[in-house]
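The values are calculated or read from the model by the stated rules, or taken from the named source; none is laboratory data. These figures come from a predicted structure and were not determined experimentally. Glycine also receives a Cβ, built like all others from the backbone with ideal geometry; neighbour counts cover every protein chain displayed.
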Amino acid sequence: MERPLTGHIKKGEAPPGFREYYRAGGYNGTIKALKEMTPAGVTSLVKASNLLGRGGAGFPTGVKWSLVPMEGENIFPKYLVCNADEMEPGTFKDRLLLEGNPHQLIAGMIAAAYAIQAGTAYIFLRWAYKKAERELRKAISEAYREGFLGKNILGTGFNLDIHVHTSAGRYICGEETALLNALEGKRGIPRTKPPFPATSGLFGKPTVVNNVETLSWISHIVEKGADWFKGLSLTGTGGTKLYGVSGRVKRPGLWELPLGVTIGEIINEHAGGMHDGYAFRGVLPGGASTDFLVEEHLDVKMDFSTVAAAGSRLGTGTMIVLDDRTCPVAFLQNVEKFYALESCGWCTPCREGLPWVEKMLSAIEDGKGKMEYLDILKFHTSYMGPGHTFCAHAPGAAEPLQSGLRFFHDDFKRHIEEKKCPWK
């Protein structure tokens, strides 16, 4: 199968430089966009491809771009922002793209910026991605030297500057408006919507925020077309997807596969199945902020709509596997502790609810829990759910907890009745 995103990434080798990637055709779509297409034409093509955002939300990319005002007063400057603040627990797909082929991202960002007529772009990079930062800065310098960034790119009259901004390291900055606040030097907290970033984003100007994996697709789609992209998947939604697996599997890692492969195929064939002596109990299919799926869901296709119908979310497509020798209560306590620490503190259900959840889970894990704690935890999953908080941080934290209470209810009861963790 053709693997456009990872085709130029070679394990253990330095990423391709500008000229190597250019000779391989990596900038063909960028050149086509700037020299043969109008900005509206690029947006229409991306919309027709049905490219859904690969950062977790799955919003149609072309639709997001089409919300940016293209005519009228006071719409310039415009900004394109690449969200590379990859801090979702269990997620490491964007790091592969950043370290393995930064020119692929740059090529896509140039075409995307042209589509919305943005003259400045930022890559908001996770602080810990030191190698990615080095490779990005090197690739950006090469693109300037070769005339693909800066003034009058390829003689087309289009200007674009790309800057790398290294984040201070807060999970909440993965939320696009908190990211924009941080980029402006403000406290990293979400903004009220509306207005949406497409009309009032960075510095109050029209802004598009897209994920690394999303933007890495753009040049390929422009070069080869919407039908080509849609033909790569096993579902009506187009493209391949980077799927990752961590946990007690034989070959933890990351694979580019057609969108719509099953959970069982990814875990048992590509990740090699469970380690000897361990059995599968459940999986968070799209990072730590998604609902558990269990053995009955191994035939579920890993695409946006099918995973949602099964009761979870595709999210980032990077799975965290729970085995039968790991305590699910301790697993959840660890997850909820992370989310409690990473709350920005802006709204009460998140600021107060998450530490309380983590405290109750710790008590149950330590053998000090009571049966009524289960009802209180269940209440909190609703209290922190969608519609009750300022952003999706607390609702995301509630997803593994609400499904864990359902699928591993007997494990919680054993902790309380036996007054200890059965796994210790």
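Structural remarks
- Some residue of segment 277-291 being crowded, with 23+ Cβ neighbours inside 10 Å and among the acidic types (Asp, Glu): yes
- Residue within segment 250-264 that is in a helix (DSSP H, G or I) and not assigned by TED's automatic domain parsing to the domain that holds Glu184 present: yes
- Segment 161-183 - residue that is among the acidic types (Asp, Glu) and outside any helix (DSSP H, G or I) and, of those, nearest to Lys151 (Cα to Cα): Asp161
- Complete set of residues in segment 162-201 that are acidic (Asp, Glu) and loosely packed, with under 15 Cβ neighbours inside 10 Å: Glu184
- Annotation note: of Arg351, Arg325, Arg406, Arg414, the sole residue that is in a loop (DSSP other than H, G, I, E, B) and either at pLDDT 95 or above or under 25 Å from the mean Cα position of the chain (by Cα) (or both) is Arg325.
- Glu71 fulfils the conditions (1) in contact with an Asp or Glu (Cβ under 8 Å, 6 or more places away or on another chain); (2) at pLDDT below 95; (3) among the charged types (D, E, K, R) except for a single criterion, (1).
- Selection within segment 38-83: residues that are assigned to a loop (DSSP other than H, G, I, E, B) and of a type in the set (Lys, Arg). The member of this set that is nearest to Gly239 (Cα to Cα) is Arg54.
- Pick from segment 361-391, criterion of a type outside the set (S, T, N, Q), within 19 Å of Glu176 (Cα to Cα) and crowded, with 18+ Cβ neighbours inside 10 Å, ranking: modelled with the lowest pLDDT: Phe390
- Which numbered condition Ala308 misses (of (1) without any contact (Cβ under 8 Å) to a residue 40 or more places away in the chain; (2) closer than 30 Å to Asn50 by Cα; (3) part of a helix (DSSP H, G or I); (4) out of contact with any Leu (no Cβ under 8 Å at 6 or more places or on another chain)): (4)
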